[in-house]
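Data first, discussion second: the structure below is written as C-alpha cells.
The values are calculated or read from the model by the stated rules, or taken from the named source; none is laboratory data. In this text, all values refer to a predicted model and were calculated from it rather than measured experimentally. Counting neighbours? That spans all protein chains shown, and the Cβs are built from the backbone with ideal geometry, glycine included. Just the protein is used for accessible areas: all its heavy atoms, side chains included, with ligands, DNA and RNA removed. Shrake-Rupley method; radii C 1.70, N 1.55, O 1.52, S 1.80 Å.
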Amino acid sequence: MRSKQFQREADMLAPISEQAARLLPGRDIETLFEVQTSAGIPDIVFVEFNKETLKEREARLPSFIVNFADMCVLLTLSTTLDETTTATALANKVPFSAKYIGSKILPRLTECGYVQKQSRGRWQLVSQYKSAAKYIGTLEVKINDWRSGYSQTLRHRASADESWLVLASCHSSQALAHREWFERAGIGLATLHPHDGVDHVVNPRVRKSRQSFDIYRELLAERAAHLYCKGEVSGTIGLVFGADLTTTTGPDPRRSNAAEGLQARAAVHSTSA
C-alpha cells in the first residue's frame, strides 16, 4: 500500500496501527476503530485492557455499560456500596428523572450484575465497578485538514488519557508552524510518511490519574471493551456524503476480513520494534 502520497484518510489507518509500538512504547495495545466517545468518533482508539477485569466481565454477560445514563448512575452508586438508596435520591445527583432511573436504568444495572433491589423502591450496589482499561488513547487522522483535526482531537481528549492528531507528512507544514497550539492544549501531533512511518512532533500531556472514575473515559473504555469481547475491531463505519470512503489500495483494517491480517502485521512490527 506504500504509494507516494495517501489518497484517503482510510489509507493511513493500517500504517498507523502497525506502528502503535512507536507511538506508545511499552504498552500492550489493542487497536480499534470508530468507537463512539461522548463528543465524536475518533478514527483510532488504542486501548491497553485490564485483562483480568475483562475475564470477569465475560463470565457474566451482559456486563458492559455502553449507555451514558447508566454510567452516570453506576458511578454515583459506587459511593454508596454499603447503603441502599432510591431513584429519587439518585435523581438529585444525576441529570435524569427518578421515573427513568427507577424504571429503566436500575433494572439494566441489575441485569449487568451491579445492582440488586432490596425492597420496594430501594436499591443497593452489590458489585463495585472496575475499569476495563489501563490506558486509552484516541487518534484523529487527517491528510491535510489540520484545523478540523485539531478541533476534533480536543473534543476527544475528554474521554482519553492521551489524544493525538496524525497528519500526512506531505501536508503537515501548517500544523508544524502551529505546534505551540498542541503544546498548550496538551494534545499530541505526529506525521505519517508512506515509507518512513510515524514521526513524533509534539507528545501529548497524559491526564493525571484521579481518585474517582471519569464518566467520559469509562464510557469509552466500556464501549471499546464491548467491541473487543465480541471479536469486532470497529464500530459503525459512517458514510461521507453518501459515499463509503474505504481504502484506495489494500484491505481496510476496519473491516472484519482485514482484522486478522492487520493483527499479524502489527505483531511482527511490534516484535521487530
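Here segment 134-149 is scanned for amide nitrogen atoms under 14 Å from the site 7 Å beyond the Cα of R27 along Cα-to-Cβ, giving 134-140.
Going by the alpha-carbon gyration tensor, a ≥ b ≥ c the square roots of its eigenvalues, is segment 100-198 rounded (a/c under 1.5) or, if a/c is not under 1.5, prolate (a/b greater than b/c) versus oblate? Please list the in-between numbers first.
Numbers: a/c = 3.97, a/b = 3.36, b/c = 1.18.
Since a/c reaches 1.5 and a/b is larger than b/c, the shape of segment 100-198 is classed as prolate.
Please state the Cα pair-distance histogram of segment 156-236 with 10 angstrom bins from zero: what percent is in each bin? Pair shares across the bins are 16, 35, 32, 16, 1. With the convex hull drawn around the C-alpha atoms of segment 124-263, the volume per residue stands at 156 Å³.
For segment 35-181, the Cβ-based charge dipole about the Cα centre amounts to some 540 debye (Lys, Arg positive; Asp, Glu negative; other atoms uncharged).
The label point for K117 and the one for K51, both projected 7 Å from the Cα toward the Cβ, are 4.0 nm apart. Approximating the spin labels as points 7 Å out from Cα along Cα→Cβ, the E58-to-Q7 distance works out to 3.8 nm.
Each Lys and Arg contributes +1 and each Asp and Glu -1, all at the Cβ; summed about the Cα centre of the chain, the dipole is approximately 740 debye.
Using just the C-alpha positions of segment 27-167 as equal point scatterers, what log10 of I(q)/I(0) does the Debye formula give at each q in 0.17, 0.20, 0.22 1/Å? Log10 of I(q)/I(0), two decimals: -0.96, -1.12, -1.23.
Overall dimensions of the chain, expressed as equivalent-ellipsoid semi-axes from the Cα gyration tensor (√(5λ), whole Å, largest first), are 38, 19, 17.
Among K142/K230; K93/K208; K55/K104; K55/K130, which pairs are too far apart, with a Cα-Cα distance over 22 Å?
On the way: K142/K230 29 Å; K93/K208 25 Å; K55/K104 27 Å; K55/K130 12 Å.
In this structure, K142/K230; K93/K208; K55/K104 lie more than 22 Å apart at Cα.
Can you give the accessible area per residue of the chain, in Å², using a 1.4 Å probe?
Details: 13440 Å² over 273 residues.
With the other protein chains kept in place, the chain gives 49 Å² per residue.
Residues whose amide H comes within less than 5 Å of that of H193, counting only those at least five positions distant or on another chain, are S169, V198, D199 (H built at 1.01 Å from N in the peptide plane).
What does the extension gain come out to for Q124 and T88, with contour length at 0.36 nm per residue minus their alpha carbon separation? Write down the numbers at each step before the final one.
On the way: separation 36, 0.36 × 36 = 12.96 nm, distance 1.36 nm.
Here the answer is 11.6 nm.
Between the amide H of F33 and those of V45, S234, G235, distances stay under 5 Å, these residues lying 5 or more places away or on another chain, with hydrogens modeled in the peptide plane.
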